[in-house]
Amino acid sequence: MARTRSAEAHQRVLEAAAELFAHRGIDATSMDAIAEASGVSKATIYKHWPDKDALCLEVLGYVHGLDEERPKFESGDFRADMIARLTYEPAADRKTLKDKLWPHLVAYSAKNQAFGHAWRARVMEPARQGVAEMLQRGQREGVLRKGIDKEMAAALLLGPLMYRHVFLKNQAKPSLKSLAPQVVDGFLALFGKG
């Protein structure tokens, strides 16, 4: 089925805004620049997004693959499923763009707390929630001890991945495929039932 002109214009705006935000920064990118780069009128852009923050949140959803269906991590092997969850990278074709956008996003969120809260709710919360669901499953299946603090557990599982992403940006860093099994094995050593 062919996409409508409106859907095509919407996609052009998202892609143009993502590129501009990643290369210029969010503060330094105007709606005029996005209109020019996308070939979509500013009036049409404002019909879809009331302001730059709303557009930026949708761009973040786009570069983080929130438009893609999430896989189920239910092979029956808890350890393998947790590793698969931690190594899952949606929108692989947008990874370079996402990596370029990341420092601008952190800086913008630090200055704009309302945006930062919205970003965490839209982009970070699904990952945290997915880990929480895995922890509940592990407890139901008897793989994990009962009574684990889910927030602390999520921090222990996701923290090393965030550290790798943020602090090892410009140096040799372990791949997710090598880091995730170590993180999961460490977590299971602390909280496993056997």
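The values are calculated or read from the model by the stated rules, or taken from the named source; none is laboratory data. Just so it is clear, the structure is predicted and the values come from calculations on it, not from any experiment. Don't worry about glycine lacking a Cβ; one is built from the backbone with ideal geometry, like all the others, and counts go over all protein chains shown. Keep in mind that these areas ignore ligands, DNA and RNA; they rest on the heavy atoms of the full protein, side chains included. Shrake-Rupley method; radii C 1.70, N 1.55, O 1.52, S 1.80 Å.
Whether a residue is open to solvent by less than 80 Å² (accessible area, probe 1.4 Å) and either over 17 Å from the mean Cα position of the chain (by Cα) or closer than 23 Å to residue 70 by Cβ (or both) was assessed, and residue 189 does not pass this test. Can we say residue 100 is open to solvent by 70 Å² or more (accessible area, probe 1.4 Å) and touching a residue at least 60 places away in the same chain (Cβ under 8 Å)? Yes: the conditions hold for residue 100. Just checking, which of 79, 120 is under 18 Å from residue 157 (Cα atoms), out of contact with any Asp or Glu (no Cβ under 9 Å at 6 or more places or on another chain) and open to solvent by 60 Å² or more (accessible area, probe 1.4 Å)? Of the residues listed, the single one that is under 18 Å from residue 157 (Cα atoms), out of contact with any Asp or Glu (no Cβ under 9 Å at 6 or more places or on another chain) and open to solvent by 60 Å² or more (accessible area, probe 1.4 Å) is 120. Do the conditions hold for residue 149, that is, is it open to solvent by 20 Å² or more (accessible area, probe 1.4 Å), modelled with pLDDT under 90 and among the charged types (D, E, K, R)? So residue 149 does not fit the description; no.
Of the residues examined, residue 42 is one that is touching an Asp or Glu at 6+ places or on another chain (Cβ under 9 Å) and basic (Lys, Arg).
Taking the criterion of being in contact with a helix residue (DSSP H, G or I) (Cβ under 9 Å, 6 or more places away or on another chain), open to solvent by less than 70 Å² (accessible area, probe 1.4 Å) and of a type outside the set (A, V, I, L, M, F, W, C), the residues of segment 123-141 that qualify are 128, 130, 137, 138.
When 176, 157, 144 are checked against the criterion of being modelled with pLDDT under 90, open to solvent by less than 30 Å² (accessible area, probe 1.4 Å) and touching a helix residue (DSSP H, G or I) at 6+ places or on another chain (Cβ under 8 Å), a single residue qualifies: 176. For segment 108-128, the criterion of a residue being in contact (Cβ under 8 Å) with a residue 60 or more places away in the chain, out of contact with any Ser or Thr (no Cβ under 9 Å at 6 or more places or on another chain) and of a type in the set (Ser, Thr, Tyr) is satisfied by at least one position.
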